[in-house]
Amino acid sequence: MAGATATAIAARSQPSDDVGTQPFASPARVFLYYSHHTPRPSPFYSDFLRNIDDIEPTELGPTLNIHFDTARALQKSLNDAPLRIVADREKFKTHRLEGAEDWEGASADDSLKDPALVANDVAAQISFLRKLKFQYLEQNAKDKYIKTIVSDIDDAPLITATTNEELRTNYELKKEKPKAAKDQLAQKYQDIRTLTPLVEQGTATEPEATTLSQQILDARLALTRLRQAHPHPRLTVATASAHLESQVMQMQEFDEKVQDVNDRVASVKEKVKESAREVERLRVKRAEVEKGVKTGEMEVEDGRVVGLYDWFTVSLDLHRSIMSLISSHSPSENSLVLTYLIPPHELTITLLFIPNTRQLAEAQVTGIDDIDVAEVVDSHILTNDVPGLVAAVLVRARAQV
């Protein structure tokens, strides 16, 4: 009887694979039906119903007392209502499958909760009922055939081609209904297989979505705090971009200035090095001159020599500054090279003398090509007038400039 009861319960869910058999439910559908249709109150609701009678009306306000009475009335109506789903749940709990006691390690509750056991039991019942139906149809056909043969011809039902066509038509119509139901069920199963990964994917991404939602709320809160901390006028994107461009240009200018300063520092360092070398050379030269002066003081008895030397040196420096004499040196014993600064040119006069005499032999003027001083040079060479030659050349050069 337990197996027949389970078969009768399952027979209202799914069409059979064989045409003409009664519909039966798949094990998975039976399990899912009772899993999803069994009422499962939340823990909060259970605690509320459990403790609802322990609350005194005086502890609540007038408005809450009204809602409290409404909740009690709802609880009482739910307890007294003859709900079918509650009866089906109790019926399913008390149902025992055939052969469940023979399974090793399986209790009554396990046999009802394991979908594999339900599937095996339903499959066995479907196979048995198919055989039973086939035997019923066979015996029914034999019985009708025998009754038709042994009965009188007048009382025998008249079977014609029209009767067979009607039976065939009814048979086809009966076949269409389970076939359509079967196709619909297959489509539902296919939808379940298609949507199950999507549901699992959505369930898997639920923590991530929760985290992102919390981050969005935190970002909005931070943005609100920033807006409160920085009232209008705020720095816009365009203003910030313009400010950034101006800062970039300033940085480029500063980089160029730094590069110029570095170049000038390098040049100053080189000049300082050259000046240091010149100072060192002059220090050595001064030491030699001082040594020579001391030697001359020891050799010369006349004390006026030092004063005359200083006077001559100062006079020579004054002459150089007045005449713009840059340098003067003697490449040989009978030659003298004088270089004068006549902006923007430098005039060089080379004087050659006859050896061991003070007679001027030749004079060369370079640095100013636009002036013809050949006549002046020749005339002063004939008269052996060196100062007059230098003065005449300088006058002409300054006049030309």
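The values are calculated or read from the model by the stated rules, or taken from the named source; none is laboratory data. Just so we're clear, the structure is a prediction, and the values are computed from it rather than from any experiment. Note: ideal-geometry Cβ built from the backbone for every residue, glycine included; neighbour counts use all protein chains shown.
Observations on the model:
- Only listed residue being loosely packed, with under 10 Cβ neighbours inside 10 Å and either within 60 Å of the chain's Cα centre (by Cα) or in a helix (DSSP H, G or I) (or both), chosen from Ala287, Ala238: Ala238
- Among residues of region 51-99, those that are modelled with pLDDT under 75 and among the aromatic types (Phe, Trp, Tyr), counted: 1
- Only one entry of Val337, Val373 meets the criterion of being surrounded by 12 or more Cβ atoms within 10 Å (Cβ to Cβ) and either in contact with a Cys (Cβ under 6 Å, 6 or more places away or on another chain) or under 12 Å from Leu394 (Cβ atoms) (or both), and that entry is Val373.
- Test: residue in region 367-381 that is hydroxyl-bearing (Ser, Thr, Tyr), touching a strand residue (DSSP E or B) at 6+ places or on another chain (Cβ under 6 Å) and not in a loop (DSSP other than H, G, I, E, B): no
- In region 314-334, residue surrounded by the most Cβ atoms within 10 Å (Cβ to Cβ) [restricted to those that are at pLDDT 85 or above and part of a loop (DSSP other than H, G, I, E, B)]: Asn334
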